[in-house]
1. Quick one: accessible surface of Ile203, probe radius 1.4 Å, all protein chains present, in square angstrom to the nearest 10.
2. Which shape class applies to region 176-229: rounded if a/c is under 1.5, otherwise prolate when a/b exceeds b/c and oblate if not, where a ≥ b ≥ c are the square roots of the Cα gyration tensor eigenvalues?
3. Express in nm, to one decimal, how much length is gained between Gln116 and Gln215 on full extension, taking 0.36 nm for each residue of separation and deducting their alpha carbon distance.
4. Taking a ≥ b ≥ c as the square roots of the eigenvalues of the Cα gyration tensor of region 83-191, is the shape rounded (a/c under 1.5), prolate (a/b larger than b/c) or oblate?
5. So what's the gap between the Cα centers of region 63-136 and region 188-207, to the nearest angstrom?
6. Residues of region 169-229: accessible area per residue at 1.4 Å, in Å²?
7. Leaving ligands, DNA and RNA out of it, report the carbon-plus-sulfur percent of the accessible area of the chain at a 1.4 Å probe.
8. In the Gaussian network model of the chain, springs joining C-alpha atoms below 10 Å, which of Gln178, Gln115, Gln21 carries the largest mean-square fluctuation?
Amino acid sequence: MIRAIVTDIEGTTSDIAFVHQVLFPWARQRLPAFIAARQHQPEVAEALDDLRNETGRPRADIDELSVILAAFMDEDRKSTALKALQGMVWREGYLNGNYTGHLYPDVLPALRRWQQQGIALYVYSSGSVAAQQLLFGFSDEGDITGLFKGYFDTRVGAKRETSAYRTIAEKIALPVEQLLFLSDIHQELDAAGEAGWNTVQLIRGEPDLRSRHRQVTTFEQINEELLNP
């Protein structure tokens, strides 16, 4: 019986287009000026130091770091420092009402139903925890952060690494056979499955013919059979 569900965001609860066509361009346009103006603020300074450490450039100045960040964004690098800085920039957009976090319409009813059934809900995304909380805190459906017991980002490990799912299982403190991971990416589900998790793949488009995981097209299709493997 599933006692905790951990969900991905991009492509799973939320349209990839929102991230790539709204959030990413917003951060790209504003990030250089943001770090130049706020480089001495503690959370910004910490992220910049993390970026210097990550790239092995301990003396890199703001201009050099801006170039590095732009390159990371071009390649969609899963950099913890980049994700932290993006989250800080996105915060202003959410707070100013420039956009709201996209949710597929089938997501919220399912999350509420699972919570009412006593299933603990968590999020695991390559975006920073702060960015995750912003998307769900300023979602199309309002603030739904109260549905989740916890959030995980790449500080526990990369999403295609089996060790990350072992770490999350330890933090949730439930046996892996009682955990379910939802994602649209079969490589992430492969890693979770290797750690002993149950998996379901959300397919919002064409079926993934290379995947060995159970596939559904909406959260509504995650039924009692899947929750009681």
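The values are calculated or read from the model by the stated rules, or taken from the named source; none is laboratory data. What you see is a predicted model, and the numbers here were worked out from it, not measured in a lab. No Cβ is skipped: glycine too gets one built from the backbone with ideal geometry, and neighbour counts run over all protein chains shown. For accessibility, only protein heavy atoms count, side chains too; no ligands or nucleic acids. Shrake-Rupley method; radii C 1.70, N 1.55, O 1.52, S 1.80 Å.
1. Ile203 has an accessible surface of roughly 20 Å² with all protein chains in place.
2. On the way: a/c = 2.26, a/b = 1.14, b/c = 1.98.
In terms of gyration-tensor shape, oblate.
3. Numbers: separation 99, 0.36 × 99 = 35.64 nm, distance 2.40 nm.
Gain on extension, Gln116 to Gln215, equals 33.2 nm.
4. Working: a/c = 2.03, a/b = 1.31, b/c = 1.55.
In terms of gyration-tensor shape, oblate.
5. What the calculation gives is 20 Å, centre to centre.
6. Working: 3130 Å² over 61 residues.
On a per-residue basis, 51 Å².
7. Values: 5160 of 10930 Å².
For the chain, the apolar C and S fraction of the accessible surface comes to 47 percent.
8. Gln21
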